[in-house]
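Working notes, structure below.
No value in this document is a laboratory result; all are computed from the given coordinates. Small disclaimer: the values here were computed from a predicted structure and weren't measured. Ideal geometry is used to build each Cβ from the backbone, glycine not excepted, and the neighbour counts take in all protein chains shown.
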Amino acid sequence: MDISSNNNTTPKLPGLDLMPLKAAPQPLNLPPGPLSPWLRLAHILRTEPAESMEVARKRRILDFELVLQCEGTAWIWVEEAGGSFDVGPGSIVFIPPDFIHAWANTTGTHIAVHFDLHFQPEIKAFLNLRMLGNLRMLDEFVTRQPAELIPSFSLGQNTGSGLVLPLVTPLHQPHLMREKLEKLVQIYQTQAQFDFPAQLIANEVLCGALTAIAGEAASSGFAASNQPETEQHILALLAELAVSNQSHYTSADLAEKCGMSQTTFRQAFYKVTGRNPHQYFEQLRIERAAQLLLQTERSINSIARAEGYDDPYHFSRVFKRVMGASPYRFRQKGYSPDFQQEEP
């Protein structure tokens, strides 16, 4: 079964060799109900050598934060570990709410992104540390002292296996993650996060980033103690797909990449994503088409072909089934706050 667009190149997967876990991930249980990712803050910060921090102040944030170290280094001190971890170039840090830590910039550039997975409008974005906002500072300073065991977290809703996210994850292709997070910086800088097209982009980037981190972690030996190896391989696969900007795949090719039979692959894929591969990639392609409809002036036929639909009528039918409106009406009304789905 072909679940692809028009690009025949299947991206190389990260290594799938698994290492033994040193500690069980801490559970991070989200509230029940559909996710509603929300971008609160995204910025780029550059630290010169003269600004290097030898001490850092403990803090607790009220939302989630991702920090991608683009160049140079930083370090993060963790209360429960009683010490600090270096953050090198190309590493990404995942910080959950109410996690006591201290962040220190050494040199270089990082991108910081604050977000919710369930919308909390009462928490306002901060502009700097003096304004507090969604950042709670604690009256205690710490110094850099290496710790041994990096914490990890199992993010989920008590409905099955969660995403295992280490505190610090070195990325195989950090430039791809940077391109994604820079989109969020642009959205925040222009205060466009309330616009419908920007929300689509932010949701895709945030969810894709978490999936990519979990996949990188699975390929490096971080996994839930009860998570089957097949599911870890699927997470590693999704991590590569999340940043590849490609969607031309067949079930047979992906199963072979994961070292599974097609039946085992489809079962593991459904267990991890809640959809079969065809449904998953169809949704991915249609959501990308929706962004192009709202962000560009390209013709509907051109967008359809770019996402692998040679028949514009078939594309229109699939688009309406997934998005609730035809491509034409979605482009005309999709950005409007009174947008409603068409009747079937």
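Residues D98, D253, arranged from fewest to most other Cβ atoms within 10 angstrom of their Cβ, appear as D98, D253. If we count every other residue with Cβ under 15 angstrom of Q267's Cβ, Lys/Arg +1 and Asp/Glu -1, where does the sum land? Its environment carries a net charge of +1. For region 26-172, the convex hull spanned by the alpha carbon atoms encloses 118 Å³ per residue.
Extending 7 Å from Cα along the Cβ direction at F196 and again at R46 yields two label points whose distance is 3.8 nm. Each of C258, C207 was scored by other Cβ atoms within 10 Å of its Cβ. Listed from fewest to most, they are C207, C258. Ranked by how many other Cβ atoms sit within 10 Å of their own Cβ, fewest first, the residues M323, M177, M53 fall in the order M53, M323, M177.
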